[in-house]
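Engineer: Please read through the structure below; I'll follow up with questions.
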Amino acid sequence: MLAVLALATGCSAATIADETPQPLTDEQAGAACQRSLTDLNGEAAGRLEQRFVSRDGDKQIRVYVSEPDKWISTCRLGAAGLEETFGSVMEDGPDDRITFYGGADAVLKAHLLIGRLPAGATSITATLPSGATLTGATDDNLFLIWAPGTEVEGVRLTARARDGRAVTTTTAPGLGS
């Protein structure tokens, strides 16, 4: 079939194979994100430190933080390259609660929950309406739950202490938040 398509279009099979998107290498993905972060954040981009990389097949999301600027930026990539970059202020919240960053844009567009863990918590899970549970990635006091293709609006989050005890629970933001 490929040979027939190649003959009909006047292209060689090698040319068609060369045009098939290849997954980005880690270096290519990082460079694409850095360019986009610089466009979005200007000179503050130099202060952004990568805190998370989460992958799902050919898709990935990278999260960068500038503590001095209280700024968090995400960069989402697919097989063809950069898909979306956005940033948000890291607002302070009560120490005993889960604090979300990025608002409805993160939740609805990127299927992403990102924020700060409450004091005493070391892990976080999200319980989907189906009953399935996603375990978030953590880095110090930040968490990331990324569920491409899955709605995360209104899911139930539980932050847990090292001993497994629930520190607090909350509902993820969405349109009504």
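Engineer: Under the rule of at least 5 residues apart or a separate chain, name every residue whose amide H is placed under 5 Å from the amide H of T122.
Structural biologist: R160, A161, R162
Engineer: Let me know the shape class of segment 80-150, please: from the alpha-carbon gyration tensor, a ≥ b ≥ c as square roots of the eigenvalues, rounded when a/c is under 1.5, otherwise prolate if a/b is greater than b/c, or oblate. Intermediate values should be presented prior to the final figure.
Structural biologist: Values: a/c = 1.91, a/b = 1.23, b/c = 1.55.
Since a/c reaches 1.5 but b/c is at least a/b, the shape of segment 80-150 is classed as oblate.
Engineer: Here's another thing I want to ask about it. In whole percent, and with a 1.4 Å probe on the protein chains, what portion of the accessible area of segment 60-103 is carbon and sulfur? Working shown, then result.
Structural biologist: Details: 920 of 1940 Å².
C and S atoms contribute 48 percent here.
Engineer: What net charge do the residues around T171 carry, taking every other residue with its C-beta under 10 Å from that of T171, with Lys and Arg at +1 and Asp and Glu at -1? Mind showing how you got there, number by number?
Structural biologist: Details: positive: R156; negative: E153.
Counting the neighbours of T171, the net charge comes to 0.
Engineer: Put +1 on the Cβ of each Lys and Arg and -1 on the Cβ of each Asp and Glu in segment 55-177; which of P129, Y101, I114 then has its Cα farthest toward the positive end of the dipole?
Structural biologist: P129
Engineer: Using the heavy atoms of the protein chains and a 1.4 angstrom probe, tell me the accessible area per residue for segment 50-138 in square angstrom.
Structural biologist: Details: 4040 Å² over 89 residues.
Spelled out: the 1.4 Å probe surface of segment 50-138, per residue, equals 45 Å².
The values are calculated or read from the model by the stated rules, or taken from the named source; none is laboratory data. Only a predicted model underlies this, so the values are computations on that prediction, with no experimental measurement involved. Positions of Cβ are backbone-derived with ideal geometry, glycine not excepted, and every protein chain shown enters the neighbour counts. With ligands, DNA and RNA removed, areas are computed over all heavy atoms of the protein, side chains included. Shrake-Rupley method; radii C 1.70, N 1.55, O 1.52, S 1.80 Å.
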